[in-house]
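Read the structure below first, then the notes.
The values are calculated or read from the model by the stated rules, or taken from the named source; none is laboratory data. Given the structure is predicted, the values throughout are model-derived calculations rather than measurements. Virtual Cβ from ideal backbone geometry, glycine too; neighbours counted across all protein chains shown. Please note that ligands, DNA and RNA were not included when accessible areas were found on the heavy atoms of the full protein model with its side chains. Shrake-Rupley method; radii C 1.70, N 1.55, O 1.52, S 1.80 Å.
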Amino acid sequence: MINWIWIAMALIGIIYAMFSGNMEAVNEAIFESAAQAVTLAIGLISILVFWLGMMRIAEEAGILRGLAKLFRPIITKIFPEIPKDHPALGYILSNLTANMFGLGNAATPLGIKAMEEMKKLNNDSDKASRSMITFLVLNTTGLTLIPTTVIGIRMQYESVSPTEIVGATLLVTCIGTIAGLAIDRFFHFKSTWRKS
């Protein structure tokens, strides 16, 4: 559905530009935006590679295992349907740790693996389980300690203080995560109450 919305918006914009005589400005904007996107992507690759390297060092040093142990009791309470020794918990912990360091691109494959493991627990059903919904909420709200991608973008556009957003990001993502989990639990308990 969303694909059709984007296609419709693009077509409406192009048709409007044709009739209002602004087609030249649209073409210019398309090429400028494409050039900016390539420049931005190349700049972000270096930052992503740096932080992925730092994550690898943290993994080898045992820091990620320590974080996983620290968060395991919380995660097992958030996902009570998943057995404590199931691989899905490991993928969930790795995904959330990568998201905490602002590495959404690195977290994506881990999130996909976590969903695949949770689907196996859900008897390969096409209907999302409670754990899958909760995991999606956690990924959407995305508790972030260090917003590396945003810092990288701010550095690329020569911000005077690219790291000044760290405190605000931490506050906002904490509030978002708590609110997301509260809403998730509210609707879960509401649906189980209706069934009983």
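Values as computed for the structure displayed
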quantity: Selection count where residues are open to solvent by less than 80 Å² (accessible area, probe 1.4 Å) and over 25 Å from Tyr157 (Cα atoms), scope region 8-35; calculated: 9
quantity: Residue within region 93-105 that is among the hydroxyl-bearing types (Ser, Thr, Tyr), surrounded by 19 or more Cβ atoms within 10 Å (Cβ to Cβ) and part of a helix (DSSP H, G or I) present; calculated: yes
quantity: Any chance Val38 is open to solvent by less than 50 Å² (accessible area, probe 1.4 Å), in a helix (DSSP H, G or I) and over 15 Å from Leu96 (Cα atoms); calculated: no
quantity: Meets criteria (part of a helix (DSSP H, G or I) and under 15 Å from the mean Cα position of the chain (by Cα)) for Thr144; calculated: no
quantity: Count of residues meeting criterion [surrounded by fewer than 21 Cβ atoms within 10 Å (Cβ to Cβ) and over 26 Å from Thr169 (Cβ atoms)] in region 67-89; calculated: 8
quantity: Answer from Arg185, Arg154 - the residue that is touching a Pro at 6+ places or on another chain (Cβ under 8 Å) and basic (Lys, Arg); calculated: Arg154
quantity: Whichever residue in region 146-192 is open to solvent by 70 Å² or more (accessible area, probe 1.4 Å) and among the acidic types (Asp, Glu) and, among such residues, is farthest from Ala98 (Cα to Cα); calculated: Glu158
quantity: Unmet criterion (only one of (1) under 20 Å from the mean Cα position of the chain (by Cα); (2) open to solvent by 60 Å² or more (accessible area, probe 1.4 Å)) for Ile63; calculated: (1)
